[in-house]
Amino acid sequence: MDILKIEGKARLEGRVKAAGAKNAMTKLLVASLLSDKKCIFYNVPNIGDVEITVNLCKELGSKVEWDRERGIIEICTKELKTTYIPQRFSGANRIPILLIGALLGRTRQDIIIPTVGGDAIGKRPVDFHIEALQKFGAIVEYRDIRREGAYFAHAAEGLTGNYIHLPFPSVGATENTILAGVRAKGVTVIKNAATEPEIVELILFLQKLGAIISLDVDRTIRIEGIEQFNEVEHTVMTDRIEAASFGMAAIATQGKVFVEGAQHLHMISFLNKIRELGGGFNVKSDGIEFFYQAPLRGGVHIETDVHPGFMTDWQQPYAVLLTQGNGSSVIHETVYENRFGYTQTLKEMGADIELFKQCLGGKKCRYALRGYHHSIIVKGNTPLIGKKITIPDLRAGFAYVMAALVASGESIISGVSFLDRGYEKIVHKLQSLGANIKRIQTKPDTKPIKPILPTETINTDAKHRTLA
């Protein structure tokens, strides 16, 4: 187990390159499973979630070559060697559930997928996924296997396109439905679809692959099913979460950092909130420069939302930024019901944060009157003090790192594996900007945060599959 040791009060200055987007690259690898053609990806981030997804693809039969230094992956899945994902992948990340949409159109065999994992930020139910896939004619059901669970899915007669209206513009459900629609017979229309830049990235890749797919301004995606595919070369978009993270860290430490590759179009709502707070930024042709220009002011009101709103993954480090502003500000979380657990540690570091079950905002919210703490008031300016911290999830992880950079004294951060899932070479990048941060290897952890279970054997009889 590794830990981070951070001495605070260092001003971040310099230039850093944002990596390829985690939330795009992992889905593109899954999308490549739709075809038997070679796909080459550039600007691939060398992070844990990509490695997990590569291993998932290899398990299914993909041949993968990954040049980590150059950020290039070549993948080709000529044929599927199995449609069973072992339970050791259960809880690894949220990718396995998307394999159902990708594989249903390619095989008539039973697909067995372990229960979904990811960060403990809310239930993130897969009901939307399952209901959409069933409208294609697929049979999808959950079964208990020993003490673990799995989803069993198959489409003995293949998939047929349909009209699908999502109850909420869920990114994952939209992706799963798109993947199923590419190989379905006829036309698929998805209403109330997510339109995040990562969704557009998936659509661009699938069009290169051969798909006939369009996105309308009213959140409608239309797909005509196909059977012929092309070889593809694709450069992955920059990670807008990482870009924003470094931008906020620069302003919080009263520094100046140019984030190479940051894309203005993907960060409009974020940049508006930086300006409201009194932070500075300049948009250049090859990125965005973030800088501290005057004492930060409070009075900011944020409501997270689906794109083009303020990303839920931006709010954790932004809460740290608010602790350094003068005055009170509000964050209303409308995407996940349990995303403020990280604030307790910030309070222990000296932050003045109060949680509320009420909706502190005007946006329509699924969690109104349901008893979830999904709004906070942050009062600043409050000095933070370093402490020992355990990271509970990926985005809270960067918020803690940012708080440690701002704090006086030393902070020791464990649970670094969460950061490795989404941030490429984070220690090296922060060191290059002047942060006093070290990564130290300690004794192996006897209780891993996310245990990977031993591989289980399976009876692969075509008519019946059971764990041995």
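Below, the figures for the structure above:
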read-out: Given LYS17/LYS37; LYS284/LYS429; LYS27/LYS208; LYS9/LYS357; LYS9/LYS347, the pairs whose alpha carbons are separated by over 23 Å; value: LYS17/LYS37; LYS9/LYS357
read-out: Folded to 0 to 90 degrees: helix 22-32 orientation relative to the chain principal axis, Cα; value: 10
read-out: Segment ILE440-ASN381, length gained on full extension (0.36 nm per residue, minus Cα span); value: 18.1 nm
read-out: Rounded, prolate or oblate (a/c below 1.5 giving rounded, otherwise prolate when a/b exceeds b/c) for region 22-235 by Cα gyration tensor; value: rounded
read-out: Sum of side-chain charges, LEU179 neighbourhood, beta-carbon under 12 Å (Lys, Arg +1; Asp, Glu -1); value: +2
read-out: Estimated distance in nm for a label pair at LYS185 and ALA368, the labels positioned 7 Å out from Cα along Cα-to-Cβ; value: 4.4
read-out: Point-to-point label distance, ASN55-GLU231, nm (Cα→Cβ direction, 7 Å offset); value: 3.0
read-out: Cα pair distances of region 200-290 binned at 5 Å [whole percent]; value: 3, 12, 19, 16, 12, 11, 11, 8, 5, 2, 1
read-out: Computed E for HIS301/HIS428 - FRET, C-beta separation, R0 45 angstrom, nearest 0.05; value: 0.80
read-out: With Cα atoms, 0 to 90° folded angle of helix 394-406 axis to the chain main axis; value: 20
read-out: Net charge over other residues, Cβ less than 14 angstrom from the Cβ of ILE203 (K, R count +1; D, E count -1); value: -2
read-out: Shape call, the chain: gyration tensor on alpha carbons, a/c limit 1.5; value: prolate
read-out: Using a Förster distance of 45 Å, the FRET efficiency for ARG15-GLN358 (Cβ separation, nearest 0.05); value: 0.60
read-out: Sequence-distant residues sharing a close amide H with ILE72 (under 5 Å, placed H); value: VAL44, ASP67
read-out: Cβ-derived FRET efficiency at R0 45 Å, LYS63 paired with GLU157, nearest 0.05; value: 0.90
read-out: Proxy reagent accessibility, fewest Cβ within 10 Å first, across ASP352, ASP420; value: ASP352, ASP420
read-out: Likely footprinting exposure, VAL283, VAL217, VAL232, fewest C-beta neighbours within 10 Å first; value: VAL217, VAL283, VAL232
read-out: Length-normalised contact order for region 296-409 - Cα pairs under 8 Å, 6+ apart - percent; value: 30
read-out: Simple label model, 7 Å out from Cα along Cβ direction - GLU141 to SER269, nm; value: 3.9
read-out: Degrees separating the helix 268-277 axis from the principal Cα axis of the chain, which is the longest one; value: 20
read-out: Segment GLU276-GLU348, length gained on full extension (0.36 nm per residue, minus Cα span); value: 23.2 nm
read-out: Contact order normalised by residue count of the chain, Cα under 8 Å, 6+ apart, percent; value: 20
read-out: Chain lengthening between VAL283 and ASP127 when straightened (0.36 nm per residue, less Cα-Cα); value: 52.1 nm
read-out: Burial ordering of LYS22, LYS256, LYS191, fewest other beta-carbon atoms within 10 Å first; value: LYS191, LYS256, LYS22
read-out: Positive minus negative residues near MET311 (Lys, Arg vs Asp, Glu; Cβ under 9 Å); value: -2
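Every number in this text was worked out from the coordinates using simple rules, so none of it is lab data. No experiment lies behind these values; they were computed from the predicted model shown. Heads up, the Cβs are rebuilt from the backbone with ideal geometry, glycines too, and the neighbour counts pull from every protein chain shown.
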